[in-house]
Amino acid sequence: MRHISLILLVFAGGLGCNDHAEGSAVIGDPALNPPPPKQAAPAQGASCMGLPTTCGGADNCCNSPLVTGGTFDRGYDLAGDQQSGAASFPATVSDFRLDKYEVTVGRFRKFVEAGMGTRAMPPADGSGQHANFSASGWSAAWNVNLTADKTALIAALQCDAATYNTWTDTPGANDNRPINCVTWFEAMAFCIWDGGYLPTEAEWKYAAAGGNQQRAYPWSVPAGNLALDAAHAVFDDGSNCGLAAQPACPGVVDVGTKPLGDGRFGQSDLAGNAWEPTLDAYVYQYPMPCKDCANLKAEDFHVSGGGSARDLAIHLRTTRRTLFGPRERARNAGIRCARAP
């Protein structure tokens, strides 16, 4: 898939400068960033039925914490990272749930084994509608963008078999790693099958930034703290992993293995590991006004957030975004689902 000229190399990160984050602040005391109060969980996703509770140690891989809604600015963080120009881009989001973990290989295997997400078994027309938008569910016109059947999907998931794709044909050591090499249409189909939908860009950024705290990284306490190390996220430490396949470059790790990097609302790996797609098609200037807003254009490039294991620290900032084509398979992009509150 060819990228439009606005995109930096996908493997190098998102839009914006390809430089290092700066700052020497001491990483905030985790005691200052306690987990949110426990909320009643929604019904278990279909992808976790029968799976062991091994995410983040001994947690249900379908844990989906509540994100309490509010208003924030999509364009900047309190460390001074200003995106999309100097204007303010406030957004208000309602309460929603965002899965604690990126979708794992084990969860996606359930989807594949059920034969779902293919032209042979596509989502039902209109299914998976976002809680806040009409006409936001699956369209039967999208079925042509799916692989023909289960066999074709399994083959397509081997998009980088020599190095970094995480799919394996049989269960094994990769089952708690985030699935990668999936298209936007497959991510959408998976979340629908699992009882959810893709988050809007505003929802995803709100959760990552800690809402109105405008955090630089999901764990940043105080909010402008730029300190980052391997205990908080998996990322490129400066060896230019995105520009060449190097033996020392990090690969994705099991989800939830960096608990110090958890965000305000309890989600893990919102920075690093794998880029996460949103419902929104990309526009440079954020849509305004924004009260539970989304840019719904399935055939356009879609916004992803969070950075990946192969991105420099600056691309893990909560303000950063990149874009992937809806049919593109990338070794540094995965899935995280949202759900009604």
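Condition check: within 22 Å of Phe89 (Cα to Cα), in a loop (DSSP other than H, G, I, E, B), over 15 Å from the mean Cα position of the chain (by Cα) and small (Gly, Ala, Ser). Does Ala271 satisfy that? Here the answer is no, as Ala271 does not meet what is asked. Selection over region 278-294 of residues that are among the polar types (S, T, N, Q) and modelled with pLDDT of 95 or more gives a count of 1. For region 292-315, give me each residue that is acidic (Asp, Glu) and free of Cβ contacts under 8 Å to residues at least 40 places away in the same chain. Glu299, Asp300, listed by residue number.
Does Thr257 satisfy the criteria of being in a loop (DSSP other than H, G, I, E, B), surrounded by fewer than 19 Cβ atoms within 10 Å (Cβ to Cβ), at pLDDT 95 or above and hydroxyl-bearing (Ser, Thr, Tyr)? Spelling it out, Thr257 is indeed in a loop (DSSP other than H, G, I, E, B), surrounded by fewer than 19 Cβ atoms within 10 Å (Cβ to Cβ), at pLDDT 95 or above and hydroxyl-bearing (Ser, Thr, Tyr).
Within region 302-331, the set of residues being among the β-branched types (Val, Ile, Thr), outside any strand (DSSP E or B) and within 19 Å of Phe89 (Cα to Cα) comprises Thr318, Thr319. Tallying residues that are part of a strand (DSSP E or B) and either of a type in the set (Asp, Glu) or surrounded by 19 or more Cβ atoms within 10 Å (Cβ to Cβ) (or both) within region 278-301 yields 4. Ala91 falls short on exactly one of the conditions (1) part of a strand (DSSP E or B); (2) in contact with a strand residue (DSSP E or B) (Cβ under 6 Å, 6 or more places away or on another chain), and that condition is (2). Can we say Glu186 is in a helix (DSSP H, G or I) and either over 13 Å from the mean Cα position of the chain (by Cα) or surrounded by fewer than 24 Cβ atoms within 10 Å (Cβ to Cβ) (or both)? When the stated conditions are applied, Glu186 passes them.
Residue check: is Ala141 closer than 27 Å to Gly305 by Cβ, out of contact with any Asp or Glu (no Cβ under 7 Å at 6 or more places or on another chain), without any contact (Cβ under 8 Å) to a residue 12 or more places away in the chain and surrounded by fewer than 17 Cβ atoms within 10 Å (Cβ to Cβ)? In short, yes.
May I ask you to verify whether Asp236 is crowded, with 22+ Cβ neighbours inside 10 Å, over 22 Å from Ser94 (Cβ atoms) and modelled with pLDDT under 95?
Working: crowded, with 22+ Cβ neighbours inside 10 Å: yes; over 22 Å from Ser94 (Cβ atoms): yes; modelled with pLDDT under 95: yes.
The answer is yes for Asp236.
Scanning region 155-183 for residues that are surrounded by fewer than 20 Cβ atoms within 10 Å (Cβ to Cβ), under 23 Å from Ala298 (Cα atoms) and at pLDDT 95 or above returns a single hit, Ala156.
For Trp275, indicate whether it is buried (at least 17 other Cβ atoms within 10 Å of the Cβ), at pLDDT 95 or above, out of contact with any helix residue (DSSP H, G or I) (no Cβ under 7 Å at 6 or more places or on another chain) and closer than 15 Å to Leu312 by Cβ. Judged against the criteria, Trp275 is a match.
The values are calculated or read from the model by the stated rules, or taken from the named source; none is laboratory data. As the structure is a computational prediction, the values presented were derived from the model and not from experiment. A quick note on method: Cβ atoms are made from the backbone with ideal geometry, for glycine too, and the neighbour counts reach across all protein chains shown.
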